[in-house]
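Only one structure is covered here, and it is reproduced in the block below.
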Amino acid sequence: MNEETFKQACRRVRDGNQQALGIGTLGEKTLHAVLKYGYEPQEENHETKIGGYVADIVGENGIIEIQTQGFDRLRKKLSAFLEVCDVTVVYPVAAVKWLSWIDSETGAISPRRKSPRRGKLQDSCTEFYKIRNFLGHPRLHLKIVLLELEEYRYQNGWGNGGKRGSARCDRIPISFLGEISLDRLEDYRILLPRGLPTPFTTADFRKAAAIPPKATQCTVNLLYRLGIIQRVGKQGRCFLYEITAKKEVTP
């Protein structure tokens, strides 16, 4: 996907929503739909049954699955699809996010505000870790799509005016900011943040990456499992890690 195909997909989904449904009534499907049309504009290649499962896209380059969350539900599909052809899993990360709140009683939408936190590549690892047994398969490819998007949430939670624990209504993509492809194990080195000491702990990794604890733990565990980092000892109760040497790529 590139900026132009992204814009075309946004227009297509937006026009369809205005004619039929409107903000919020598609739930999580708006973001999914934009990515699906962005990667494959031809609807005849959408929603194709393969081996007892329905693939989002089937084309000359294999299967493309758009997965905005819930990678645990992807495991059975991958087992079936990877027996047949190459599979590309697309996962969006909100590098820039705007928040708007919907009053659950009146439906009124608050003015949007920019979230202070920028999404990071490592945020994807909380989902990637759920399919860790498939990573490294020669037919599996991952794409992280960096987006600017608007997120609408119902103000139906608790604390802070009903914002804590609130339910997400919809996510509307605004801008395409880039795409990262993970095709080989060595590609996962892009998840290493700059400024890591040698050796480093999980706490050091979290500080260098500036990500939450869960994303930190999943990323470190994933990189260790993939052989990008190795354990070299302990500091108290914490493991010490070092980055492994790059492997030579056979031409």
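The values are calculated or read from the model by the stated rules, or taken from the named source; none is laboratory data. Note that the structure is predicted; figures quoted are calculated from it, not measured. Here the Cβ is made from the backbone with ideal geometry for all residues, glycine too, and neighbour counts use every protein chain on show. Ligands, DNA and RNA are stripped out before the accessible areas are found, and what is left, the full protein with its side chains, is counted by its heavy atoms. Shrake-Rupley method; radii C 1.70, N 1.55, O 1.52, S 1.80 Å.
In units of the rule-of-thumb radius 2.2 N^0.38 Å, the stretch 53-142 shows an alpha carbon radius of gyration of 1.40. Legend: helices of the chain (whole DSSP H runs) are marked when their alpha-carbon atoms reach 24 angstrom or more along the helix axis and their mean Kyte-Doolittle hydropathy is at least 0.5; nothing is marked. Its Cα centre serving as origin, the stretch 85-127 has a Cβ charge dipole (Lys and Arg +1, Asp and Glu -1) of approximately 400 debye.
Considering only 164, 231, 11, give the residue with the highest GNM mean-square fluctuation for the chain, with springs between Cα atoms whenever their separation is below 10 Å. Looking only at 164, 231, 11, the biggest GNM fluctuation is shown by 164. Ligands, DNA and RNA are left out, and with a 1.4 angstrom probe the accessible area of the chain is 54 Å² per residue.
Computed over protein heavy atoms with a 1.4 Å probe, the carbon and sulfur contribution to the accessible area of the chain reaches 48%.
The modelled label-to-label distance between residue 84 and residue 187, using points 7 Å beyond Cα along the C-beta direction, is 2.1 nm. Between residue 245 and residue 15, the simple spin-label model (points 7 angstrom out along Cα→Cβ) gives 5.7 nm. Translational diffusion of the stretch 93-212 was estimated from the Stokes-Einstein equation, with Rh taken as the Kirkwood radius over Cα pairs; at 25 °C and 0.890 mPa s the coefficient is 147 µm²/s. Here the mean projected area of the convex hull built on the C-alpha positions of the stretch 111-161 is 5.7 nm². When Rg and Dmax are taken over the Cα atoms of the stretch 172-251, they come to 14.4, 46 Å. When the charge dipole of the chain is built from unit charges on Cβ atoms (+1 for Lys and Arg, -1 for Asp and Glu) and taken about the Cα centre, the candidate among 182, 228, 42 whose Cα reaches farthest toward its positive end is 228.
Across the stretch 82-224, the relative contact order, built from alpha-carbon pairs under 8 Å that are at least six residues apart, equals 26 percent. Stretching residue 198 away from residue 68 to a fully extended chain increases their span by 43.4 nm, per 0.36 nm per residue minus the current alpha-carbon distance. Every Cα-Cα pair in the stretch 1-128 was counted, and those over 17 Å apart are 67% of them.
Secondary structure note: in the chain, about 60% of the DSSP beta bridges are antiparallel. Over the chain, the alpha carbon radius of gyration divided by the compact-protein estimate 2.2 N^0.38 Å works out to 1.10.
What the Cβ-Cβ distance of residue 180 and residue 210 gives, at R0 = 25 Å and to the nearest 0.05, is a FRET efficiency of 0.90.
Given +1 at the Cβ of Lys and Arg, -1 at the Cβ of Asp and Glu and no other charges, the dipole of the chain around its Cα centre is 1300 debye to the nearest 20. The dipole here belongs to the stretch 143-237: it is taken about the Cα centre, uses +1 on the Cβ of Lys and Arg and -1 on the Cβ of Asp and Glu, and is about 600 debye. Measuring from each cysteine beta-carbon in the chain, the ones with no other cysteine beta-carbon under 4.7 angstrom are 10, 85, 169, 238. Farthest toward the positive end of the dipole of the stretch 73-232, out of 173, 122, 96, is the Cα of 122, where the dipole comes from beta carbon charges about the Cα centre.
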